[in-house]
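Rule-based calculations on the coordinates, nothing more; no lab input. Values in this document were obtained by computation on a predicted structure and should not be read as measured data. Counting neighbours? That spans all protein chains shown, and the Cβs are built from the backbone with ideal geometry, glycine included.
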């Protein structure tokens, strides 16, 4: 099992809309993420800072590197761009998080 964690940043005033859009995640996006080898994916919100903390498990033979070029992924990023800090491509800005402790 490979686990990845990263931070993203939500813009003020968009908590409810971010949650609403993820509660209604597109089936084709869910399938794309699963097909890329992602499973057990969660995003947490720090309400004080509006930081989003994502944790996902990925299969060893994942294809995460191909996701940024996929039309469904790009469409999702465009859909979410107004709510988050993003790169010029509308990809959410991500800051990797280093593992510090794990308990099975």
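For the range 71-92, does any single residue satisfy the condition of being closer than 16 Å to residue 15 by Cα, in a loop (DSSP other than H, G, I, E, B), in contact (Cβ under 8 Å) with a residue 24 or more places away in the chain and touching a strand residue (DSSP E or B) at 6+ places or on another chain (Cβ under 9 Å)?
So far as the range 71-92 goes, yes, one or more of its residues are closer than 16 Å to residue 15 by Cα, in a loop (DSSP other than H, G, I, E, B), in contact (Cβ under 8 Å) with a residue 24 or more places away in the chain and touching a strand residue (DSSP E or B) at 6+ places or on another chain (Cβ under 9 Å).
How about the range 39-63: which of its residues are within 12 Å of residue 4 (Cβ to Cβ) and in contact (Cβ under 8 Å) with a residue 40 or more places away in the chain? Please lay out each step first, then the result.
Restricting attention to the range 39-63, the residues satisfying the condition of being within 12 Å of residue 4 (Cβ to Cβ) are 39-42, 53-59, 62.
Once the filter is applied, which keeps residues that are within 12 Å of residue 4 (Cβ to Cβ) and in contact (Cβ under 8 Å) with a residue 40 or more places away in the chain, the range 39-63 yields 53, 54, 55, 56, 57, 58, 59, 62.
Considering the range 62-77 alone, what residues qualify as being within 15 Å of residue 88 (Cα to Cα) and out of contact with any helix residue (DSSP H, G or I) (no Cβ under 9 Å at 6 or more places or on another chain)?
Passing the criteria: only 69.
Within the range 42-64, can you find the residues that are under 24 Å from residue 85 (Cα atoms), touching a strand residue (DSSP E or B) at 6+ places or on another chain (Cβ under 9 Å) and part of a loop (DSSP other than H, G, I, E, B)?
Step one: of the range 42-64, the residues under 24 Å from residue 85 (Cα atoms) are 42-57, 64.
Now drop any that are not touching a strand residue (DSSP E or B) at 6+ places or on another chain (Cβ under 9 Å), which leaves 42-46, 49-57, 64.
Residues satisfying the conditions are 49, 50.
What number of residues within the range 94-104 are in contact with a strand residue (DSSP E or B) (Cβ under 6 Å, 6 or more places away or on another chain) and part of a loop (DSSP other than H, G, I, E, B)?
First, pick out the residues of the range 94-104 that are in contact with a strand residue (DSSP E or B) (Cβ under 6 Å, 6 or more places away or on another chain): 94-97.
Restricting the remaining residues to those that are part of a loop (DSSP other than H, G, I, E, B) gives 94, 97.
Looking only at that region, the number is 2.
Cβ-Cβ distance below 6 Å, separation of 6 or more or different chains: which pairs start in the range 23-38 with a residue that is on the phi < 0 side of the Ramachandran plot and end on one that is part of a helix (DSSP H, G or I)?
Close Cβ pairs satisfying both conditions: 28/72; 29/72; 29/76; 32/72; 36/64; 36/67.
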